[in-house]
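Working notes for the structure below.
The values are calculated or read from the model by the stated rules, or taken from the named source; none is laboratory data. Predicted model, so just to flag it, every value in this text is computed and none were measured. For neighbour counting, all protein chains shown are included, and Cβ atoms are generated from backbone atoms with ideal geometry for every residue, glycine included. Each accessible area value is taken on the protein alone, full model and side chains, heavy atoms only, with ligands, DNA and RNA left out. Shrake-Rupley method; radii C 1.70, N 1.55, O 1.52, S 1.80 Å.
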Amino acid sequence: MKFKDEINRRRTFGIISHPDAGKTTLTEKLLLFGGAIQEAGAVKSNKIKKGATSDFMEIERQRGISVATSVLGFEYKTKKINILDTPGHKDFAEDTFRTLTAVDSVIVVVDVAKGVEEQTEKLVEVCRMRNIPMIVFINKLDREGKDGFELLDEIEQKLHLRVTPLSYPIGMGYDFKGIYNIYEQNVNLFTGDPKKDIEDTIEVKNLQTKELDELIGENAADTLREDLELAEGVYPRFDKEEYLKGELQPVFFGSALHNFGVRELLDCFVDIAPPPQSKESDEREIRPDEDKFSGFVFKIHANMDPKHRNRLAFVKIVSGKFERNKPYRHVRLGKDLKFSSPSAFFAEKKEIVDEMFPGDIVGLHDTGNFKIGDTMTEGEIINYKGTPSFSPEHFRYINNADPMKSKQLNKGIEQLMDEGVAQLFTLELNNRKIIGTVGALQYEVIQYRLEHEYGAKCSYENINVHKACWIEPENEKSEEFQDFKRVKSRFLAKDKQNQLVFLADSQFSLQMTQQKYPSIKFHFTSEF
Ligand code: G4P
């Protein structure tokens, strides 16, 4: 197959949702359609179960599973599909944000009864800001939930999306009869049999036919006609170009558990979802069909075996063909590296392959060379942008609890930070180390992993920090900046990239500081 055809048949996307909306179930059903797995239940949920906060073995077990489900590749029709897994647990939200830098589109799952939930709002906001094309799947139609129009309203208002339904439910919960597929103009009747893998669709091009009444009953048929008329009047007509620009989001209804409405979603997805896209670097925009390979690391996974500190770096291929045993430039380190066993990911396994194409994710074995955000090329000096750090929510001092093991502790902290588990800030005043995380769970993960993988012990100590802001002075030599550094010295730290960070102890003090030093910019992400 020609290089360009290989690129054009790839669809790399992520599924985002609030925990429990049905992301794992939907993923599994998509794999079933792709023939990548034979039966339901094969994809293990990688979510950390409620109440497992202090159950370290559970966390370890989950880490194992999440390697296996990090990237799920399968073939459907003529397309090669890569699903990038995003952790649902909110303490790992930063992981999800980074994974979203590697997707070309997104499917958003919403629970019909719960509607739009907090985690979905945050994740959709990130996608919206980057104009990532999104399809919404409203799940669990076999249960009682909110009315279809009410949900569409809620999605518009809470997620600030411009939606248009491409399918519409006929009844719901106990009365759920099926779905009218607006995109394909057919009716799909619900049998309630979760084992049924292919649904029977009945073409209904003309909604006024008596056939529709016979199919779903007169009342339901009338309601459907009214609903569809209303939908047509209220919502914009589907336009693929608008969807691709992130300006219009089609909505599907279904029940992932019952494998219902999933085929419609997948068929529409392969029809409209974008192939691999160009990506901005600090020098220029790189096109996927360029001859030379380039890619970036969006995720690093530590090996499960504590004796070998091998890690797996996940690289999204942006341009060119990746080939086994060919030397590639690690731009940050300025050195060439060769990989003898690059892995490609399939539904349940990873395999060593000789070549891979834009849109694919290649897994590279790493002994400590990679950091999240690193760029690999065939020699060109470029750096991909778009993997910023956000201000953490929690901050604690980290102390060495075993003075004999300070080397191990430092090494461990450094590597865990490269993996993106948390962020490290070093205070300018006294070099004390502060760990910033998105959720409290990370502190336990870090403590556990330091002990088990690096043989080091740590303890934490509270510190009062409200937000970390990355500092950009207009003029480094100005009187104002020198004054800021003097007066605020207690609150200044360096991040791992040696960027200056202001650790504000309250919203109030942040505002006061901003007012007092108008020529200094306070950024809430590390990339500006
Ligand atoms: P997540 O990955 O988004 O966190 O959600 P997951 O797929 O694990 O689904 C959460 C729960 O919702 C699961 O039930 C799952 O079976 C159920 N579910 C998913 N899709 C549907 C649907 O279309 N209809 C109905 N009625 N339920 C659905 P659980 O009891 O938490 O887990 P399990 O014991 O069934 O695995």
Exercise for the section: Report yes if E144 is touching a Phe, Trp or Tyr at 6+ places or on another chain (Cβ under 8 Å), in contact (Cβ under 8 Å) with a residue 12 or more places away in the chain and surrounded by fewer than 17 Cβ atoms within 10 Å (Cβ to Cβ), otherwise no. Expected result: yes
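So is D175 of a type in the set (D, E, K, R) and either touching a Gly at 6+ places or on another chain (Cβ under 8 Å) or within 30 Å of K90 (Cβ to Cβ) (or both) or not?
So D175 does not fit the description; no.
Check the range 189-201 and report whether any residue there is open to solvent by less than 10 Å² (accessible area, probe 1.4 Å) and out of contact with any Gly (no Cβ under 6 Å at 6 or more places or on another chain).
Scanning the range 189-201, I find no residue that is open to solvent by less than 10 Å² (accessible area, probe 1.4 Å) and out of contact with any Gly (no Cβ under 6 Å at 6 or more places or on another chain), so the answer is no.
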Practice task
Could you list all residues from the range 339-369 that are over 29 Å from E75 (Cβ atoms) and not hydroxyl-bearing (S, T, Y)?
Solution key: G368, N369
Exercise for the section: Give the residue that is most open to solvent (accessible area, probe 1.4 Å), with candidates limited to residues of the range 107-129 that are modelled with pLDDT of 95 or more and either part of a loop (DSSP other than H, G, I, E, B) or more than 14 Å from the ligand (Cβ to nearest atom) (or both). Expected result: K114
Handout entry: Entirely in the range 1-86, the strands (runs of 3 or more DSSP E) that have 1 or more residues that are open to solvent by 30 Å² or more (accessible area, probe 1.4 Å), away from the ligand (no atom under 16 Å from the Cβ) and modelled with pLDDT of 90 or more
Key = 71-76, 79-84
Exercise for the section: Determine if the range 130-139 includes at least one residue that is under 16 Å from the mean Cα position of the chain (by Cα), more than 10 Å from the ligand (Cβ to nearest atom), closer than 18 Å to S389 by Cα and modelled with pLDDT under 90. Expected result: yes
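If you check D282 against the conditions, is it over 15 Å from T375 (Cα atoms), at pLDDT 90 or above and away from the ligand (no atom under 16 Å from the Cβ)?
Working: over 15 Å from T375 (Cα atoms): no; at pLDDT 90 or above: yes; away from the ligand (no atom under 16 Å from the Cβ): yes.
Judged against the criteria, D282 is not a match.
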Exercise for the section: Mind counting the residues in the range 445-479 that are in a strand (DSSP E or B), open to solvent by less than 50 Å² (accessible area, probe 1.4 Å) and not hydroxyl-bearing (S, T, Y)? Expected result: 6
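Is it the case that D104 is open to solvent by less than 30 Å² (accessible area, probe 1.4 Å), modelled with pLDDT of 90 or more and under 30 Å from K350 (Cβ atoms)?
Yes; evaluated as a whole, the condition is true for this residue.
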Exercise for the section: Please state which one of K371, K326, K335, K321 is open to solvent by 40 Å² or more (accessible area, probe 1.4 Å) and touching a residue at least 60 places away in the same chain (Cβ under 8 Å). Expected result: K321
Practice task
Quickly run through the range 155-187 and pick out the residues that are farther than 21 Å from E242 by Cα, surrounded by fewer than 22 Cβ atoms within 10 Å (Cβ to Cβ) and hydroxyl-bearing (S, T, Y).
Solution key: Y174
Practice task
Taking E264 as meeting all but one of (1) surrounded by fewer than 22 Cβ atoms within 10 Å (Cβ to Cβ); (2) touching a strand residue (DSSP E or B) at 6+ places or on another chain (Cβ under 8 Å); (3) of a type in the set (D, E), write down the number of the exception.
Solution key: (1)
Exercise for the section: Take L159 and decide whether it is within 16 Å of the ligand (Cβ to nearest atom), in contact with a helix residue (DSSP H, G or I) (Cβ under 7 Å, 6 or more places away or on another chain) and within 30 Å of S278 (Cα to Cα). Expected result: no
